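Here is the structure we will look at, set down as C-alpha coordinates.
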Amino acid sequence: MAKIDLSKYKNFHVLNHPLIQHKITLLRDKNTNTSDFRRIVKEIAQLEGYEALRDLKTTNIKVSTPVEDTQAPIISKNDLCFVPILRAGLGMVDGMLDLLPGTKVGHIGLYRDEQTHKPHFYYYKAPKDLPKRKILIVDPMLATGGSAIDAVKLLREKGAKNISLICIIAAPEGVKAFCEAYPEIDLFAGALDRCLNSHAFICPGLGDAGDRIFGTVE
Ligand code: PRP
(Lines give C-alpha, C1' and ligand atoms only; values in the text may rest on other atoms or scores of the structure.)
Protein backbone atom coordinates (compact mmCIF):
# COMPACT_ATOMS: atom_id res chain seq x y z
CA MET A 1 0.00 0.00 0.00
CA ALA A 2 1.28 3.48 -0.87
CA LYS A 3 2.60 5.52 2.04
CA ILE A 4 0.20 8.27 3.09
CA ASP A 5 1.78 11.74 2.90
CA LEU A 6 0.78 13.61 6.07
CA SER A 7 3.11 16.60 5.59
CA LYS A 8 0.27 18.81 4.32
CA TYR A 9 -1.74 18.45 7.53
CA LYS A 10 -0.38 21.33 9.55
CA ASN A 11 -2.74 20.62 12.47
CA PHE A 12 -1.08 17.24 13.10
CA HIS A 13 1.72 17.27 15.69
CA VAL A 14 3.87 14.31 16.76
CA LEU A 15 5.21 14.96 20.26
CA ASN A 16 8.75 13.74 19.70
CA HIS A 17 9.99 13.95 23.27
CA PRO A 18 12.40 11.18 24.37
CA LEU A 19 10.40 10.58 27.57
CA ILE A 20 7.20 10.09 25.59
CA GLN A 21 8.92 7.82 23.07
CA HIS A 22 10.50 5.75 25.87
CA LYS A 23 7.21 5.27 27.70
CA ILE A 24 5.35 4.36 24.50
CA THR A 25 7.92 1.62 23.90
CA LEU A 26 7.08 0.21 27.34
CA LEU A 27 3.38 0.27 26.41
CA ARG A 28 4.04 -1.59 23.17
CA ASP A 29 5.69 -4.49 25.01
CA LYS A 30 3.11 -7.28 25.30
CA ASN A 31 4.73 -8.32 28.59
CA THR A 32 3.89 -5.02 30.30
CA ASN A 33 1.26 -5.91 32.89
CA THR A 34 -2.03 -4.12 33.58
CA SER A 35 -0.91 -2.01 36.52
CA ASP A 36 2.26 -0.85 34.76
CA PHE A 37 0.32 -0.21 31.54
CA ARG A 38 -2.25 1.94 33.35
CA ARG A 39 0.45 3.91 35.19
CA ILE A 40 2.44 4.55 32.01
CA VAL A 41 -0.65 5.70 30.08
CA LYS A 42 -1.25 8.22 32.85
CA GLU A 43 2.38 9.40 32.76
CA ILE A 44 2.28 9.82 28.97
CA ALA A 45 -0.95 11.80 29.25
CA GLN A 46 0.77 14.20 31.64
CA LEU A 47 3.72 14.66 29.32
CA GLU A 48 1.52 15.11 26.26
CA GLY A 49 -0.77 17.47 28.15
CA TYR A 50 2.24 19.60 29.08
CA GLU A 51 3.13 19.93 25.39
CA ALA A 52 -0.43 20.31 24.08
CA LEU A 53 -1.26 23.07 26.56
CA ARG A 54 1.79 25.14 25.67
CA ASP A 55 -0.35 27.92 24.12
CA LEU A 56 -3.01 27.95 26.83
CA LYS A 57 -3.94 31.47 27.87
CA THR A 58 -3.20 32.69 31.37
CA THR A 59 -4.52 35.65 33.33
CA ASN A 60 -2.63 37.68 35.88
CA ILE A 61 -3.75 37.81 39.48
CA LYS A 62 -2.35 39.63 42.47
CA VAL A 63 -0.28 37.40 44.72
CA SER A 64 1.55 38.30 47.90
CA THR A 65 4.95 36.63 48.12
CA PRO A 66 6.84 36.65 51.43
CA VAL A 67 8.70 39.64 49.98
CA GLU A 68 6.09 41.81 48.23
CA ASP A 69 2.86 41.90 46.25
CA THR A 70 3.08 41.13 42.55
CA GLN A 71 1.02 40.18 39.49
CA ALA A 72 1.51 36.53 38.40
CA PRO A 73 -0.15 34.27 35.78
CA ILE A 74 -2.68 31.54 36.52
CA ILE A 75 -4.78 29.16 34.42
CA SER A 76 -8.47 29.42 35.21
CA LYS A 77 -10.12 26.04 35.81
CA ASN A 78 -13.20 27.51 34.10
CA ASP A 79 -11.34 27.80 30.81
CA LEU A 80 -10.80 24.08 30.23
CA CYS A 81 -12.64 20.79 29.95
CA PHE A 82 -11.11 17.33 29.49
CA VAL A 83 -13.19 14.83 27.53
CA PRO A 84 -12.09 11.18 27.54
CA ILE A 85 -13.60 8.85 24.95
CA LEU A 86 -14.72 5.77 26.92
CA ARG A 87 -13.29 3.44 27.86
CA ALA A 88 -9.62 3.86 27.02
CA GLY A 89 -9.63 7.65 27.34
CA LEU A 90 -10.27 7.23 31.07
CA GLY A 91 -6.69 6.03 31.40
CA MET A 92 -5.44 9.39 30.13
CA VAL A 93 -7.78 11.74 31.97
CA ASP A 94 -6.24 10.94 35.36
CA GLY A 95 -2.89 12.17 34.08
CA MET A 96 -4.46 15.35 32.73
CA LEU A 97 -6.18 15.94 36.06
CA ASP A 98 -2.86 15.60 37.86
CA LEU A 99 -1.73 18.62 35.83
CA LEU A 100 -4.84 20.71 36.54
CA PRO A 101 -6.91 19.04 39.28
CA GLY A 102 -9.83 21.48 39.25
CA THR A 103 -10.68 20.95 35.59
CA LYS A 104 -14.17 19.74 34.67
CA VAL A 105 -14.47 16.44 32.80
CA GLY A 106 -16.99 15.45 30.15
CA HIS A 107 -17.45 11.86 28.96
CA ILE A 108 -18.27 10.44 25.55
CA GLY A 109 -19.03 6.74 25.25
CA LEU A 110 -18.13 5.18 21.89
CA TYR A 111 -17.17 1.63 21.04
CA ARG A 112 -15.94 0.38 17.72
CA ASP A 113 -17.89 -2.42 16.05
CA GLU A 114 -15.52 -5.36 15.53
CA GLN A 115 -16.91 -6.17 12.08
CA THR A 116 -17.55 -2.77 10.52
CA HIS A 117 -14.92 -0.84 12.57
CA LYS A 118 -17.47 1.99 12.81
CA PRO A 119 -17.98 3.79 16.14
CA HIS A 120 -21.24 3.34 18.07
CA PHE A 121 -22.39 5.99 20.49
CA TYR A 122 -23.66 5.02 23.96
CA TYR A 123 -23.03 7.85 26.44
CA TYR A 124 -22.64 11.62 26.73
CA LYS A 125 -22.32 13.89 29.73
CA ALA A 126 -20.40 17.16 29.79
CA PRO A 127 -20.55 20.63 31.32
CA LYS A 128 -23.21 22.84 29.72
CA ASP A 129 -20.86 25.79 29.21
CA LEU A 130 -18.69 24.09 26.57
CA PRO A 131 -18.66 27.12 24.23
CA LYS A 132 -16.48 29.15 26.60
CA ARG A 133 -14.02 26.34 27.34
CA LYS A 134 -11.02 24.86 25.55
CA ILE A 135 -11.87 21.19 25.12
CA LEU A 136 -9.15 18.53 25.19
CA ILE A 137 -10.42 15.18 23.93
CA VAL A 138 -8.23 12.29 25.10
CA ASP A 139 -8.12 8.76 23.70
CA PRO A 140 -4.96 6.62 23.49
CA MET A 141 -5.68 5.29 20.00
CA LEU A 142 -6.49 6.95 16.67
CA ALA A 143 -6.98 4.05 14.26
CA THR A 144 -9.49 4.76 11.46
CA GLY A 145 -10.21 8.11 13.12
CA GLY A 146 -13.94 7.35 13.18
CA SER A 147 -14.33 7.63 16.97
CA ALA A 148 -12.43 10.91 17.20
CA ILE A 149 -14.35 12.38 14.26
CA ASP A 150 -17.69 11.45 15.86
CA ALA A 151 -16.58 12.82 19.24
CA VAL A 152 -15.73 16.20 17.71
CA LYS A 153 -19.02 16.23 15.78
CA LEU A 154 -20.97 15.61 18.98
CA LEU A 155 -19.09 18.26 20.96
CA ARG A 156 -19.61 20.77 18.15
CA GLU A 157 -23.36 20.02 18.22
CA LYS A 158 -23.23 20.78 21.97
CA GLY A 159 -21.63 24.14 21.24
CA ALA A 160 -17.90 23.46 21.69
CA LYS A 161 -15.79 25.87 19.64
CA ASN A 162 -12.19 25.37 20.75
CA ILE A 163 -11.23 21.68 20.59
CA SER A 164 -7.95 19.75 20.50
CA LEU A 165 -7.38 16.00 20.48
CA ILE A 166 -4.58 14.13 22.22
CA CYS A 167 -3.86 10.49 21.45
CA ILE A 168 -0.88 8.29 22.25
CA ILE A 169 -0.60 6.30 19.01
CA ALA A 170 -2.00 7.29 15.63
CA ALA A 171 -2.27 5.43 12.33
CA PRO A 172 -1.69 7.41 9.13
CA GLU A 173 -5.18 6.44 7.91
CA GLY A 174 -6.77 7.97 11.00
CA VAL A 175 -4.64 11.10 10.87
CA LYS A 176 -5.62 11.67 7.24
CA ALA A 177 -9.33 11.14 7.94
CA PHE A 178 -9.30 13.39 11.01
CA CYS A 179 -7.26 16.19 9.44
CA GLU A 180 -9.42 16.23 6.33
CA ALA A 181 -12.57 16.37 8.46
CA TYR A 182 -11.19 19.03 10.82
CA PRO A 183 -8.17 20.89 9.42
CA GLU A 184 -8.63 23.58 12.08
CA ILE A 185 -8.39 21.23 15.08
CA ASP A 186 -4.99 20.44 16.56
CA LEU A 187 -4.28 16.71 16.72
CA PHE A 188 -1.42 15.66 19.01
CA ALA A 189 0.05 12.15 18.97
CA GLY A 190 2.92 10.58 20.88
CA ALA A 191 3.79 8.32 17.94
CA LEU A 192 2.80 7.88 14.32
CA ASP A 193 2.66 4.18 13.51
CA ARG A 194 3.00 2.40 10.16
CA CYS A 195 -0.52 1.45 9.11
CA LEU A 196 -3.77 -0.35 9.95
CA ASN A 197 -4.10 -4.09 9.39
CA SER A 198 -7.16 -5.82 7.90
CA HIS A 199 -8.89 -5.68 11.33
CA ALA A 200 -8.22 -1.92 11.54
CA PHE A 201 -5.71 -2.48 14.37
CA ILE A 202 -2.75 -0.13 14.48
CA CYS A 203 0.59 -1.74 13.45
CA PRO A 204 2.92 -2.13 15.25
CA GLY A 205 0.64 -0.53 17.86
CA LEU A 206 0.19 -1.74 21.41
CA GLY A 207 -2.90 -3.92 21.15
CA ASP A 208 -6.28 -2.80 22.52
CA ALA A 209 -5.56 0.06 24.92
CA GLY A 210 -8.91 -0.26 26.73
CA ASP A 211 -8.40 -3.96 27.36
CA ARG A 212 -4.84 -3.47 28.53
CA ILE A 213 -5.75 -0.55 30.86
CA PHE A 214 -8.63 -2.42 32.48
CA GLY A 215 -7.26 -5.96 32.36
CA THR A 216 -9.94 -7.32 30.05
CA VAL A 217 -7.51 -8.88 27.58
CA GLU A 218 -8.78 -12.35 26.53
C1 PRP B 1 -10.63 2.10 20.65
C2 PRP B 1 -9.83 3.34 20.99
C3 PRP B 1 -10.57 4.43 20.25
C4 PRP B 1 -11.02 3.71 19.01
C5 PRP B 1 -10.06 4.00 17.89
O6 PRP B 1 -11.73 2.02 21.48
O7 PRP B 1 -9.71 3.59 22.37
O8 PRP B 1 -11.68 4.94 20.96
O9 PRP B 1 -11.02 2.28 19.29
O10 PRP B 1 -10.50 3.44 16.71
P11 PRP B 1 -10.99 4.32 15.48
O12 PRP B 1 -10.02 5.44 15.33
O13 PRP B 1 -10.95 3.34 14.35
O14 PRP B 1 -12.39 4.80 15.76
P15 PRP B 1 -12.69 0.73 21.49
O16 PRP B 1 -13.78 0.87 20.49
O17 PRP B 1 -11.87 -0.50 21.41
O18 PRP B 1 -13.40 0.85 22.89
P19 PRP B 1 -12.78 0.77 24.36
O20 PRP B 1 -12.04 2.05 24.60
O21 PRP B 1 -14.00 0.66 25.20
O22 PRP B 1 -11.89 -0.44 24.43
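Structure summary
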quantity	calculated
Gyration tensor (alpha-carbon) shape descriptor, the chain, a/c threshold 1.5	prolate
Cα-based shape type of the range 91-205, given that a ≥ b ≥ c are square roots of the gyration tensor eigenvalues and the cut on a/c is 1.5	prolate
Sum of -39500 (n - 2.57) over DSSP H runs of 4+, divided by residues of the chain (222 nm, nearest 500)	-9500 deg cm²/dmol
Percentage relative contact order, the chain, counting C-alpha pairs under 8 Å, at least six apart	24 percent
Per-residue SASA entry for C203, accessible area with 1.4 Å probe, Å² rounded to 10	30 Å²
The range 28-105: radius of gyration over Cα atoms, expressed as a fraction of 2.2 N^0.38 Å	1.42
Accessible surface, the chain, averaged per residue in Å² (probe 1.4 Å)	53 Å²
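The values are calculated or read from the model by the stated rules, or taken from the named source; none is laboratory data. All values reported here derive from a predicted model rather than from experimental measurement. For accessibility, only protein heavy atoms count, side chains too; no ligands or nucleic acids. Shrake-Rupley method; radii C 1.70, N 1.55, O 1.52, S 1.80 Å.
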